[in-house]
Amino acid sequence: MQTYNHLEHKYHLDRAIPVRYVYWWKDVFEHKLGRSLVTSQPLWPDIKRTFGHTGQVILLSETIALLLGVAVGIYSAIRQYSVFDYTMTTVSFLGFAIPAFWLALLLQILFVDIYLKFNVRIFYTSGLNNVGHSTWSVDRLQHIALPVMTLAVVSFAVYSRFMRTSMLDVINSDYIRTARAKGVPEVKVIGRHVVRNALIPLVTIATLTLAAQLGGAIVTETVFSLDGIGFYYIQKLGQLDLYAVMAYLLVTSVIIVVANLVADLLYGYLDPRIRLN
C-alpha cells in the first residue's frame, strides 16, 4: 500500500482530473511524452521505435495501393464496360468485402503451407526480421510483405474505384470535349487535363485512408506479431498503461492533422483555381 501511495503521488494521480491533465501536458513537452505508469520507463524510445516499424509497412502498402489503384482506375475509365473494367470492379468489391484480419490469416496459412510442402521460404508470417539483418534488407521485406499485402488490398480497392469514378466525371466535362474538338491529342487530354483534375478527390481519400491504415495496423500487427505502434497500443491498453495510450493517441492525431495540411497544399498544386482563391 505504501508503494501504491508513493506512485499515486509521484504521477499526481491523487489530484483532480484537470490538474492531472495539466501535469500530463507538462510531461509531454518537458520529458518527451512522459513515462509509463506500469514500467516507469520513458515512452518516447518505444513510440519512436514502433512508429518507425509501422511507418515502413504503411509507406510500402500506400505506395503500392496508390500506384496500382490510380493506374487501374484510369484504364478502367478509358475502357469503360470492358472485360478489364468488369474484372477490376469485381476485384475491388472483393477487396472491400474481405476483413483485414481474415485476409491476414489466409495469407499466413497459404505461405506456411508453401513452406511445409516445398520447403521454400518466400515470406515470413510473423516478426520483423531475423537477428543480424538491417532495417531495409531483403529479410525485412520478406517479414513485412504479408502485412503490406493485407493493408494494400483494401486501399487498392478504395483508390481504384474512386479514381475510376472521378475520371468518368471529368472525362465527360465540357472543357474536355472542347479540347478534343480543338484537335488536342488524346494522350495529352487524358494525361494533362483529365488525370490531374481527377486526382483532387483522390487526395482527400488518401488522407482519410491514412487514419484507417493506422487503425488497421492494430489488427494487422497483432495477427503478424509485428513490433509496430498498433501492437504496442493493444499491449499498453491491456496493461491499463494510460500514459502510453494517451501518447499513442496524441502522436497519431498529430500525424493525421499534418497529413490533412499536406492534402490542402496538394489541392493548390493540382488545381490553380484553389491557389488563387
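The values are calculated or read from the model by the stated rules, or taken from the named source; none is laboratory data. Just so you know, these numbers come straight off a predicted model, no measurement behind them. Here Cβ is always computed from backbone atoms with ideal geometry, including for glycine, and neighbour counts include all displayed protein chains. Heads up: the accessible areas ignore ligands, DNA and RNA and are worked out on the full protein's heavy atoms, side chains in. Shrake-Rupley method; radii C 1.70, N 1.55, O 1.52, S 1.80 Å.
Could you please find all residues in region 184-196 being assigned to a helix (DSSP H, G or I) and open to solvent by 40 Å² or more (accessible area, probe 1.4 Å)?
Within region 184-196, E186, V187, K188, G191, R192, H193, R196 meet the criteria.
Inside region 205-228, can you point out the residues that are of a type outside the set (A, V, I, L, M) and over 19 Å from G52 (Cβ atoms)?
Selection gives T207, T209.
For region 57-81, give me each residue that is of a type in the set (S, T, N, Q) and at pLDDT 90 or above.
Across region 57-81, the qualifying residues are S61, T63, S76.
Somewhere in region 228-247, is a residue at pLDDT below 85 and open to solvent by less than 50 Å² (accessible area, probe 1.4 Å)?
The answer is no, given that none of the residues of region 228-247 is at pLDDT below 85 and open to solvent by less than 50 Å² (accessible area, probe 1.4 Å).
Being more than 11 Å from the chain's Cα centre (by Cα) and of a type in the set (S, T, Y) is the filter here; which residues of region 196-219 pass it?
Correct list: T204 only.
Is there any pair with a first residue in region 37-48 that is open to solvent by less than 80 Å² (accessible area, probe 1.4 Å) and a second that is of a type in the set (K, R) and assigned to a strand (DSSP E or B) whose Cβ atoms are under 8 Å apart and which are 6 or more apart or on different chains, and what are they?
Matching pairs, first to second residue: P42/R35; L43/R35.
Check region 83-95 and report whether any residue there is touching a Phe, Trp or Tyr at 6+ places or on another chain (Cβ under 8 Å), open to solvent by 30 Å² or more (accessible area, probe 1.4 Å) and not in a helix (DSSP H, G or I).
There is no residue in region 83-95 that is touching a Phe, Trp or Tyr at 6+ places or on another chain (Cβ under 8 Å), open to solvent by 30 Å² or more (accessible area, probe 1.4 Å) and not in a helix (DSSP H, G or I).
Let me spell it out: the conditions are (1) farther than 28 Å from H12 by Cβ; (2) out of contact with any helix residue (DSSP H, G or I) (no Cβ under 8 Å at 6 or more places or on another chain); (3) in contact (Cβ under 8 Å) with a residue 60 or more places away in the chain, and Q239 meets all of them except one. Which number is the exception?
Going through (1) farther than 28 Å from H12 by Cβ; (2) out of contact with any helix residue (DSSP H, G or I) (no Cβ under 8 Å at 6 or more places or on another chain); (3) in contact (Cβ under 8 Å) with a residue 60 or more places away in the chain one by one, Q239 breaks only (1).
Given the condition more than 21 Å from A259 (Cβ to Cβ), open to solvent by 20 Å² or more (accessible area, probe 1.4 Å) and aliphatic (A, V, I, L, M), answer yes or no: does some residue in region 157-169 qualify?
yes
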